[in-house]
There are 4 protein chains.
Amino acid sequence: MEAVSRVAVVGLGYWGPNLARNFDELGELAWLCDLDDGLRSRFAERYPHARTTADFAEVLADDDVDGVVLSTPVPTHYPLAKQALQAGKHVLVEKPPAMHAAEAEELVAIAEERELVLMPGHLLLYHPAVHKLKELVDSGELGEVLCVYGNRQNLGKIRKDENALWSLGVHDLSVILYLLDEEPTEAIAHGRDFLTQGVEDVVFCYLRFPSGKIAHMHLSWLDPNKMRKITVVGRDKMAVFDDMELEHKVTIYDKAPESAPTSYGEWRTRTGDRFSPKIPNDEPLKLECQAFVALMRGEGDARATARDGLAVVRTLEQLQGSLAGVPA
Amino acid sequence: MEAVSRVAVVGLGYWGPNLARNFDELGELAWLCDLDDGLRSRFAERYPHARTTADFAEVLADDDVDGVVLSTPVPTHYPLAKQALQAGKHVLVEKPPAMHAAEAEELVAIAEERELVLMPGHLLLYHPAVHKLKELVDSGELGEVLCVYGNRQNLGKIRKDENALWSLGVHDLSVILYLLDEEPTEAIAHGRDFLTQGVEDVVFCYLRFPSGKIAHMHLSWLDPNKMRKITVVGRDKMAVFDDMELEHKVTIYDKAPESAPTSYGEWRTRTGDRFSPKIPNDEPLKLECQAFVALMRGEGDARATARDGLAVVRTLEQLQGSLAGVPA
Amino acid sequence: MEAVSRVAVVGLGYWGPNLARNFDELGELAWLCDLDDGLRSRFAERYPHARTTADFAEVLADDDVDGVVLSTPVPTHYPLAKQALQAGKHVLVEKPPAMHAAEAEELVAIAEERELVLMPGHLLLYHPAVHKLKELVDSGELGEVLCVYGNRQNLGKIRKDENALWSLGVHDLSVILYLLDEEPTEAIAHGRDFLTQGVEDVVFCYLRFPSGKIAHMHLSWLDPNKMRKITVVGRDKMAVFDDMELEHKVTIYDKAPESAPTSYGEWRTRTGDRFSPKIPNDEPLKLECQAFVALMRGEGDARATARDGLAVVRTLEQLQGSLAGVPA
Amino acid sequence: MEAVSRVAVVGLGYWGPNLARNFDELGELAWLCDLDDGLRSRFAERYPHARTTADFAEVLADDDVDGVVLSTPVPTHYPLAKQALQAGKHVLVEKPPAMHAAEAEELVAIAEERELVLMPGHLLLYHPAVHKLKELVDSGELGEVLCVYGNRQNLGKIRKDENALWSLGVHDLSVILYLLDEEPTEAIAHGRDFLTQGVEDVVFCYLRFPSGKIAHMHLSWLDPNKMRKITVVGRDKMAVFDDMELEHKVTIYDKAPESAPTSYGEWRTRTGDRFSPKIPNDEPLKLECQAFVALMRGEGDARATARDGLAVVRTLEQLQGSLAGVPA
């Protein structure tokens, strides 16, 4: 296995510069690709060791390139990822990797056949606080998980070409599926398009899983208070990841229903300790980029990563169908 | 119009004592009725001017009784309210007045025919903070109202005979219908029964109104943090009623989406002042009891009060139907 | 040792009724004493088993009375406590037991000589959250305690006959001396009388102890936010008791300065877990009354209790002296 | 008056780079001066239009340089500022401009004599939230100001060569003197050096002004919670500037003591609205740099700026004296 995994960052708009910076710090940045001349020359100055081009084909033709990192507009994710995989490149693609489950399935199939990495950029899955939630769930500390719900409200720029489900919900959904390790049997969304016709800005999603667990997402660009929160309700304890907290992003509540001994069949809430474990301060994007490099080197389960990304797209499509009144 | 409106409080369990105390302070308490001897004698001591009985019929037979206040178990609301109305008494009945829309309709019909008050005990409708929200909505200060949502989570005793929809949701729903002054065309609930089979303890409700407005309720007995909150999102401003705040229960955010001038079709969030008006400290239950007395004296719109109560039951039934998988 | 310790509650104004209720629930209430006829007759009705009188001497003359509980106006504490001790009665006296150290010393001397209980009503010393703080300090979990500070701001009714130091500060001071188990060598107060001439409504107090520890109190009736908080800064961890929290009144921060290894002599703040232990919900006043009964029965260290109360008065007097510009 | 005011930034360590960036954005950056070769070459790359040198004299010798910006170690502020003023340069010097009042007076005298700007870098005085506080005070909206207090606790890196009074207190003190427009007649500090001998890490300061107003500062590097807050208590309203808030940094409480009509001489707290005005998002440092440029161009009151800086040093020296047990 080679020591260096040379990477091309494609798309230098909103998020691309962060990816470029991280891969540069990892010493893997080989190419910068964007159609915009201004962006290209600006980043060429900052990363003199990287080559630049407006031509995606030129990147794919370079045998020294191991991985392609796509942070281009959403509709281009699928065709560019497909081209890259077909050219034998590993792919890290911003979320969502495709806008239809069928397309995502096609990408996964190509990646599996050619033994390539297909990793969607689900940033939160590399957040130390989400790892802590996962640990709490898997270790059984919370007891049987009953319900997970996310609140992602009042977040910056409102997209006009992507609704709150795809733009905000993709974050929570990736975490919910990661924590529960199941795909929902029921996935229903409700919402409305108040600002731009056809683009829902307030969306509520309900998910039910084969195990009987449920999940919910409140996604909104129209809200007085900024919220980025995921709550996990277990039968023994509950945990909250609040990304608006500066320190102490995860809090565990030793709080659970318990049947009151004196009254037949009645339940009360037991309240015990509250605990916020120290969470490492590592930048999630750095961890994400490291994970991509590791997968390219054969470490970790590339197949599972690709399939998990597919599950997110499949569920989003199902939710979108119900939102639009179309049977999924 | 007589100066005194003599009232009988029926049911001295959980909530009845509060009603008795308030009607006593208003000087209207005439009867205390409960099947339990111990409760009766305890309250007889406290209110020596009131007569006590275990026999509901005795109360109804007393021509000096103008109004009957029912705080008995939920399944008895409808039959007792019906008897009382048929006996020519005004009725204040704890929520919900009936468990089926058809029953509530029957009660409303009797009350209208006999020109009697039929007032459901929707406590929040007498909360000064809710009056402030209503004033903000009706005055147009919030601009067009787009969405109202309620969070009622982690609340004390968990009922085993009433689910979170009926036990918690009735509060938010009464406020939502009061604020919007519409009945929903779509009312869908999702949820699960984790603690007691058949009794949903986590419920999410989505409502859509003829005007295009939407509403949502997150109702849960399984939650790490106690929430009692109603948020109103208007096109110009947003308002929150947070009943967990000691002071400053209502906050108005001069915050709204605005189209960014430089980018075609794009929206940003404008953030201006935040304002918490002084809200009177009056006890909502006292105001509710006063409102019942006023209605009995012919002040206010008794017909509208009864019909509003019916709308709440009708919507709850619709939500319950969808929750149980039964087409509403 | 007798099973019953009969108690007389003297003074039925602001706080006395709470004391009467608690001693009644403990089955020890024998007398109710107040100069006001209306108060006496009202409480006589509520506690028919207790005798009532306007004459303090009558209480003292009753050989069946073991303890006298004084909740009379502050200036009467010393003379009434002295009379009671001289009559051979145990005494629980509201804080402060005297307004001058010399008087408090006299009371302590009489109590010691006659082997009687002299317990000041320092309510916070019976608060489970303060016990938790004490446990954290004594067990060494916080490491060496460096600094304790209290914030008691914006509290209800503003006294015109007692300044913020005596009215508010007595609470924090009793806790600080209890936690540190030392008397300060330096005790300096600064402040001003904005509302009533000669009655300081904003007071800052600085204390320095023989061990080198320091303490501070911010006491104020003029503040936008209600605070009742005590913070303990240890060399290893820090703890906060916030009495405005509904749940989780005590929080322990695994947070401390640590010398940065790379830079000679420089310090950084290490931040680890945050933990809020479950604190029992017991009513502090009930625990206080139980403690008085226990002391009367010979359980616990009555001598230490009296001396601790003296230390509080001695420190208050020192602070008052510096506040008034008088050398202590 | 020339259109360009060419500026030399001296000291490229901790804070200097921010100053360089801002003066570059204003188009005024002419020189970068630092003894460290590495820093110089790094910033030379970033600002190719600026000249670099290790020799302060070279900067002073350049007739094209109008202003010198000093962000060097604190002990060098006074000698370098003096040299610069004597060379006829305007000076913006990081706080504090000198460590002794006599030195600061000397700088002010030179600046006045030579009609040069001597501006200390009191960043908070250029914070829009502080301007809002000043407006509230000066307009009389708060009523007579009674008390101002600052909390600056748990702030990042703990200095070993500068105590909490000089390192943290200089911020609050500059704001307090700016708001009250008076110099204190009494300035007393208490505190201790827990981490580094002789360097106080916890300091409490009390100030009393000729008008009778008082102020207080709680300064500490040893605290569980990060606080950066300034509270202004007026006779009619109160205002808080909380720099830890993301939005709504200033809150005005319509809250004040009022004499209770029924009880002679007693006071209660009246609670009305709470209001958080929109505060512009402008970066304070940018506004500070613009202010320096404006002063150099003859706009604003350079003399007052220098004298205000002197008042801060004079008060710090007085506080330091009392802290060290030296009579001021």
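No value in this document is a laboratory result; all are computed from the given coordinates. Fair warning: this is a prediction, and the values are worked out from it, not measured in the lab. Note that each Cβ is placed from the backbone with ideal geometry, even for glycine, and that neighbours are counted across all protein chains shown.
Label-point spacing for C:Lys134 across the identical copies (point 7 Å from Cα in the Cβ direction), in nm and ascending order: 4.7, 5.1, 5.2. Each other copy holds its own label point for D:Asp37; taking that point as 7 Å from Cα along Cα to Cβ, the gaps run 4.1, 10.0, 10.3 nm, nearest first.
Note on chain C: GNM, Cα springs under 10 Å; of C:Arg268, C:Arg307, C:Arg152, the largest mean-square fluctuation is that of C:Arg268. Overall, segment B:184-262 carries a charge dipole of about 200 debye about its Cα centre when +1 sits on the Cβ of Lys and Arg and -1 on the Cβ of Asp and Glu, all other atoms neutral. Distance from the C-alpha centroid of segment C:24-95 to that of segment D:42-85: 79 Å, rounded to the whole angstrom.
In chain A, the ratio of gyration radius to Kirkwood radius, Rg to Rh, stands at 1.00 when only Cα atoms are counted. Which shape class, rounded, prolate or oblate, goes with segment B:8-71 when its Cα gyration tensor gives a ≥ b ≥ c as root eigenvalues, a/c under 1.5 marks rounded, and past that a/b bigger than b/c marks prolate? The shape class here is rounded.
Only alpha carbons enter this Debye calculation for segment A:1-147, each as an equal point scatterer, and the log10 of I(q)/I(0) it gives at q = 0.09, 0.11, 0.12 Å⁻¹ is -0.32, -0.47, -0.54. Listed from fewest to most Cβ neighbours within 10 Å, the set A:Glu200, D:Glu245 follows the order D:Glu245, A:Glu200. Cβ crowding within 10 Å, taken as a proxy for footprinting-reagent exposure, orders B:Phe209, B:Phe241, B:Phe292 from fewest neighbours to most as B:Phe209, B:Phe241, B:Phe292. Mean per-residue shielding of peptide C:230-242 is 2, counting Cβ atoms of other chains within 10 Å of each Cβ.
If you take the square roots of the eigenvalues of the alpha-carbon gyration tensor of the protein assembly as shown and sort them as a ≥ b ≥ c, do you get rounded (a/c under 1.5), prolate (a/b over b/c) or oblate? Judged from the Cα gyration tensor, the protein assembly as shown comes out oblate (a/c at least 1.5, b/c at or above a/b). Computed from the C-beta positions of C:Glu186 and C:Arg307 and an R0 of 30 Å, the FRET efficiency is 0.90 to the nearest 0.05. Considering only A:Leu133, A:Leu146, A:Leu118, the Gaussian network model of chain A with Cα springs below 10 Å gives its largest mean-square fluctuation to A:Leu146.
Counting Cβ atoms of other protein chains within 10 Å of each residue's Cβ and taking the mean over peptide A:269-278 gives 6. Stretched out straight at 0.36 nm per residue, the stretch from A:Met244 to A:Trp15 would grow longer than its current Cα-Cα span by 80.4 nm.
Among D:Ser41, D:Ser259, D:Ser220, the largest mean-square fluctuation in a Gaussian network model of chain D, built with springs joining Cα atoms closer than 10 Å, belongs to D:Ser259.
Please give the FRET efficiency for D:Glu299 paired with D:Ala57, using the beta carbon to beta carbon distance and R0 = 41 Å, rounded to the nearest 0.05.
In this case the efficiency is close to 0.85.
The mean count of C-beta atoms from other chains within 10 Å of the C-beta of residues in D:186-195, rounded to a whole number, is 5. With its label point defined 7 Å out from Cα along the Cα-to-Cβ axis, A:Gln86 lies at 7.7, 7.9, 10.8 nm from the matching points of the other copies, in increasing order. For segment C:76-125, GluC sites (Glu not before Pro) meeting the loop criterion (DSSP other than H, G, I, E, B) and having at most 11 other Cβ atoms within 10 Å: C:Glu115.
The alpha carbons of segment C:105-179 occupy a box of 39, 36, 21 Å along the principal axes, longest dimension given first.
On the basis of the beta-carbon distance and an R0 of 30 Å, C:Ser259 and D:Lys226 show a calculated FRET efficiency of 0.90. Tell me whether segment B:24-110 comes out rounded, prolate or oblate; compute the Cα gyration tensor, take square roots of the eigenvalues as a ≥ b ≥ c, and use a/c under 1.5 as the rounded threshold. Because a/c hits 1.5 or more and a/b exceeds b/c, segment B:24-110 counts as prolate.
Exposure proxy shown here: for C:Cys147, A:Cys289, the number of other Cβ atoms within 10 Å sets the order, fewest to most, as C:Cys147, A:Cys289.
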